[in-house]
1. Tell me, which residue of segment 120-133 that is open to solvent by less than 50 Å² (accessible area, probe 1.4 Å) and of a type in the set (A, V, I, L, M) is nearest to Glu34 (Cα to Cα)?
2. What's the number of the condition Gly149 fails, among (1) surrounded by fewer than 20 Cβ atoms within 10 Å (Cβ to Cβ); (2) at pLDDT 95 or above?
3. Which of the residues belonging to segment 56-76 are farther than 17 Å from Leu191 by Cβ and part of a loop (DSSP other than H, G, I, E, B)?
4. So if I check each of Pro188, Pro197, which one is touching a Ser or Thr at 6+ places or on another chain (Cβ under 8 Å), outside any strand (DSSP E or B) and at pLDDT 95 or above?
5. Select, from Asp89, Asp108, Asp114, Asp53, the only residue that is without any contact (Cβ under 8 Å) to a residue 12 or more places away in the chain and more than 18 Å from the chain's Cα centre (by Cα).
6. When the residues of segment 16-36 are filtered to those that are of a type outside the set (Gly, Ala, Ser), free of Cβ contacts under 8 Å to residues at least 60 places away in the same chain and more than 20 Å from Ala196 (Cα to Cα), which remaining residue is surrounded by the most Cβ atoms within 10 Å (Cβ to Cβ)?
7. Working only within segment 31-46, note down all residues that are of a type in the set (Lys, Arg) and in contact with a helix residue (DSSP H, G or I) (Cβ under 9 Å, 6 or more places away or on another chain).
8. Mind listing just one residue for me: the one in segment 156-185 that is touching a strand residue (DSSP E or B) at 6+ places or on another chain (Cβ under 8 Å) and part of a helix (DSSP H, G or I) and, of those, least open to solvent (accessible area, probe 1.4 Å)?
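The values are calculated or read from the model by the stated rules, or taken from the named source; none is laboratory data. The shown structure was predicted, so the numbers you read here are calculated from the model rather than taken from an experiment. Cβ: placed from backbone, ideal geometry, glycine included. Neighbour counts: every protein chain shown. These area figures cover heavy atoms from the full protein model, side chains too; ligands, DNA and RNA do not enter into them. Shrake-Rupley method; radii C 1.70, N 1.55, O 1.52, S 1.80 Å.
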Amino acid sequence: MADNIARVFADAIATDPNRPLLTWYDDATGERTELSGATLANWVAKTANLLVDELALGPDATAAVLLPPHWQSAAVLLGCWSAGLTVADRPGEVDVLFAATDRTAEADAWSAGDRYALALHPFALPLREVPAGFADYVTEVRAHGDHFGAYPPGGPDHAALRDRATTRAAELGISPGDRLLVDVDRHPDPLDWLLAPLSAGATLVLCAHPDPARLADRQSTERATRTIA
């Protein structure tokens, strides 16, 4: 069993880093983005390097992540866990904060010296206008390295989260090799749409605002073996 969340992700892509790992749909906008394990690992590494090299954060630090389910949210969360950070689940004092541009007002409930805003653009384009008090995540993260090999121990919080992910995967009936189609509107918890599937060795098709009329074709096109709705 992986000894921390970073290893959960590393194990999930080890067999074939070039296969599609996470495919993102938003039926409200028509967006479709597909990431291989190697591509997502690149974003995760850049995020971890931003945290470690630029902000000097590590296993004693905490992060606030005010982001909806999204492929960029996966990169932020996995980057935080890879650097050993704990992702806080309630407002309070944290070391760094990531927020979607429509949730920056919520950041007032968190005390964080370093704050990054995300537009969650389909092509990960920089923000046209950066909110006051924030840096643009996409612009900042691109300057950092594509590889992160430190994988510090995550401590008891990571061990508990890893165990929860394993338990949740069993509850959802996820098996190794599954290709999961997940309605993220009904399952917004990263435990359901990210960690539990990765811990079980599954790949992901995440759907926001899913159109029921497209479900059957999508299941076939994406070769989904299981739907979590």
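1. So, considering only residues that are open to solvent by less than 50 Å² (accessible area, probe 1.4 Å) and of a type in the set (A, V, I, L, M), the one nearest to Glu34 (Cα to Cα) is Ala124.
2. So the condition that Gly149 fails would be (2).
3. Matches in segment 56-76: Ala56, Leu57, Gly58, Pro59, Asp60, Ala61.
4. Residue meeting the stated conditions: Pro197.
5. Just one listed residue meets the conditions, Asp108.
6. Arg32
7. Scanning segment 31-46 gives a single hit, Lys46.
8. Out of the qualifying residues, it is His158.
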